[in-house]
Amino acid sequence: MNLPDKQEEELVKEEVELSKAFAEKIKAWKGYSAPPALEATNPRWAINHVSLSLPATPYLGAYFYGIAGSVLDNPAEPLDTYVSSSNRVFRIADGAVVDVVLQNANMLQKGVSEPHPWHLHGHEFWVLGYGEGRYDAATAKLNMEDPPLRNTVVLFPGGWTKIRFVADNPGVWAFHCHIEPHLHMGMGRVHFVEGGGAHRRLQSKPAMRLPLLAVVVLLACVVVRPLCAAAAKARHFKWEISNMFWSPDCGEKVVIGINGQFPGPTIRARAGDTIHVELKNALHTEGVVIHWHGIRQIGTPWADGTAAISQCAINPEETFTYRFVVDKPGTYFYHGHYGMQRAAGLYGSLIVDVAEGEEEPFKYDGELNLLLSDWYHESIHTQMVALSSKPFRWIGEPQSLLINGRGQFNCSLAAAHTLGAEQCAAAVSRQCAPVVFSVQPNKTYRLRVASTTSLASLNLAVGNHKLTVVEADGNYVDPFAVDDMDVYSGDSYSVLLTTDQDASSNYWISVGVRGRPPKTAPALAVLNYRPNRASRLPALAPPATPAWDDYEHSKAFTYRIRARAGTMQPPPATADRRIELLNTQNRMDGYTRWSINNASMVLPATPYLGSLKLGLKSALAAARPAETFDRGYDVTRPPANPNTTVGDNVYVLAHNTTVDVVLQNANALASNVSEVHPWHLHGHDFWVLGYGDGAYRGDAADEARLNLRDPPLRNTAVIFPYGWTALRFVADNPGVWAFHCHIEPHLHMGMGVIFAEAVDRVGKVPKEAVSCGATASALMAGDHL
């Protein structure tokens, strides 16, 4: 119903008066005690233009451990007369009687004052009265006879509300507007009920994070080791991770960005340099960590950036500093490793050049960086709930593919997505315009290619140009030329491209989906031959990628990747231990899960690095995970018994032992479905010894397929449908390392294991890295890492 403005205004006034009349009728039931008299020395409270900003360190812990004076602002009275941001805490003596007058006012917009329901934690209060206009103690009408006891009270537009409470509950308590956006924007206060009784009665020591208690320790926890070259440097970066609006595929969505950028800023360093990233979590409601994908973290396992494995999640408003050495050159990247934050845009490039005075084993004239990803319109929180639902809800295929954070939504899919119409109607912005890579004719360029996709396996091609593969996952490979190349999630490559085509034209760079039905349109970028205009569309159509299920094409490319002669040591001739991991899709209590040897990985509340280093008995399950699977298992059919169980999936490895891992793929729950799985190992590179079809038997035929002469060193390897992949690595890097499928939904659903490797040899671990869960309690009790 549309009313004239004046009539609508009168209606609102009537509703406000009705609300006031209702509120004033609420009285205490007979028999309740009246409020105590207010002593003249008791303080009066108001917001007074100070916007609440919560600290990284919990108030209760700061007061209990005597560090509040150094980290919090503690005025006796709220004296500010200007707008500022503060984490101020108002001290109240134990047992004091406190009056609080809440005064409402006009907003920035003239003639607008909103109702505010205020809620007090830890206490109930007497509602003494309400009034209009400015509060005046001389004229205010208060109810001292039978005021109601409440914990929440309304403040009417343009009016005041007065309450009284007894500070008889020692602790740190919030008092705030209960409207979420208003609290988020600073409408609140915190008070500390102190005095002699406060510390006597705060007896328990809850487990909590200790970020500020360990600030000084940080400098003492950097592992000292020889640098790769005399010219190695320390490179410092200061990042703030936050949510922001962005339009990666021309449809606006909340993404996770770094310093206001999406994708995040590129880190560039030389081999031997030490990277320092001071990271502040400005996300409002969730933790965060950053994994430095492909960096082995030799001597710094706590900096690997895996929540619940190498460190605690960095809580909102906390700051954590990653320090590590990039020990070898290559094309790498970084990404979130908490929940599914990589799928929300938390990723960026990490490029390590050769050390000063060294050269690459190939020549080129320039570089182009291609960071590939896929993109969903649903939030990661919706996706995680769907994947964890009963009945199971599959998240579907991504809506777009992105090159350097840019793509275009396929409008033919609009009917299947609620945001489709708006996105297709939106004008193309700079945030989603095709990336243009400008080149000079007759030059050779190094394309640094990496895939951060959540789900999609990709194929890359450049129209009319050959690609010569020279590096994979930071290791040199024997060069070979292709028309197109498969890039799985977690892969990184360097390929050489020579601009030897018709210089009067531009050319399409195309990225399409592999291994899944092609419901997502290819991502396109432009290879711009200068001096052609960047806006000139290529004359030729985008290059056609292979059929999505042409696995023979994929295998032919993958099998050609071999180590470059003279650039690395061959693998040990034999292994000390073999671990065979069967990937299956299962059900558990009605939920759909992925399992390894019939155990679906669930991560703990306490990071393994801290709990194992401290020797906490509860760190590992009593039953150790299986190291092989039933040779009679039919990998071509759905599991005969689909039921599975949860497990920690932790394999304890002896120091310096050689370990073989065989990854075995199988049919999923649905008939005739076996998916591609790219597996990524933290803390190590491994030799990819070979691949095979069907079930791995370990017999002479399988052994004959292994390459012990020049296998490539990788950190990510693919398992093809209904096949197996054999890897070998040396357990020479003490720490706790994740090994998992790099597809976000699969890891979320349990597809992974943990290698705990010579944890007793790990050096000092910064307390702030692992001060959560049981580790925090142990550290408070005096244990040492």
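Pairs Lys238/Lys767; Lys328/Lys764; Lys238/Lys363; Lys110/Lys141: which exceed 31 Å Cα-Cα?
Where the Cα-Cα span goes over 31 Å, the pairs concerned are Lys238/Lys363.
Please arrange His284, His677 by how many other C-beta atoms lie within 10 Å of their C-beta, fewest to most.
The order, fewest Cβ neighbours first, is His284, His677.
Counting other C-beta atoms within 10 Å, and keeping those with at most 11, which DSSP coil trypsin sites (Lys or Arg not before Pro) do you find in region 676-747?
Taking region 676-747 and a limit of 11 other Cβ atoms within 10 Å, the loop trypsin sites (Lys or Arg not before Pro) found are Arg709.
Compute the Cα gyration tensor for region 501-583, then decide on rounded, prolate or oblate, letting a ≥ b ≥ c be the square roots of its eigenvalues: rounded whenever a/c is under 1.5, prolate when a/b is larger than b/c in the other cases, and oblate in all that remain.
Oblate, because a/c is 1.5 or more while a/b does not exceed b/c.
Can you pull out the trypsin sites (Lys or Arg not before Pro) in region 322-411 that DSSP calls coil and that have at most 15 other Cβ atoms within 10 Å?
Here the trypsin sites (Lys or Arg not before Pro) that fit, given the DSSP loop and packing criteria, are Lys363, Arg393.
Gap in Å between the Cα centre of region 547-575 and the Cα centre of region 441-472?
17
Choose one of Gly610, Ala701, Thr636: the residue whose Cα lies farthest towards the positive end of the charge dipole of region 577-762 (beta-carbon charges +1 Lys, Arg; -1 Asp, Glu; about the Cα centre).
Value computed over the given set: Gly610.
Using a basic spin-label model with each label point 7 Å from the Cα along Cα→Cβ, how many nm lie between Met244 and Arg134?
4.3
Along the Cα→Cβ direction, 7 angstrom out, place labels at Ser535 and Ser379. What is the inter-label distance in nm?
Result for the modelled spin labels: 3.8 nm.
How much length is gained if the chain between Arg697 and Gln109 is pulled fully straight, taking 0.36 nm per residue apart and subtracting their Cα-Cα distance, in nm to one decimal?
Result: 204.2 nm gained on full extension.
I'd like the distance between the alpha-carbon centres of region 645-716 and region 333-388, rounded to an integer number of Å.
Spelled out, the Cα-based centre of one part sits 24 Å from the other.
Compute the separation of the alpha-carbon centres of region 120-157 and region 754-785 and state it in Å as a whole number.
So the two Cα centres are separated by 50 Å.
Between Val652 and Ser618, what length comes free when the chain is fully extended (0.36 nm per residue of separation minus the Cα-Cα distance, one decimal in nm)?
Stretched fully, the Val652-Ser618 segment lengthens by 10.7 nm.
First measure r as the distance between the Cβ atoms of Glu124 and Thr285, then evaluate 1/(1 + (r/R0)^6) with R0 = 30 Å and state the FRET efficiency to the nearest 0.05.
0.60
Among rounded, prolate and oblate, which fits region 569-634 when a ≥ b ≥ c are the square roots of the eigenvalues of its C-alpha gyration tensor, a/c under 1.5 means rounded, and a/b larger than b/c means prolate?
Judged from the Cα gyration tensor, region 569-634 comes out oblate (a/c at least 1.5, b/c at or above a/b).
Note down the magnitude of the dipole of region 360-567 about its Cα centre, charges +1 on Lys and Arg C-beta and -1 on Asp and Glu C-beta and zero elsewhere, to the nearest 20 debye.
280
Laboratory data are not the source of any read-out in this text; all were calculated from the coordinates shown. Predicted, not measured: the structure shown is a model, and the values here were computed from it. Here the Cβ is made from the backbone with ideal geometry for all residues, glycine too, and neighbour counts use every protein chain on show.
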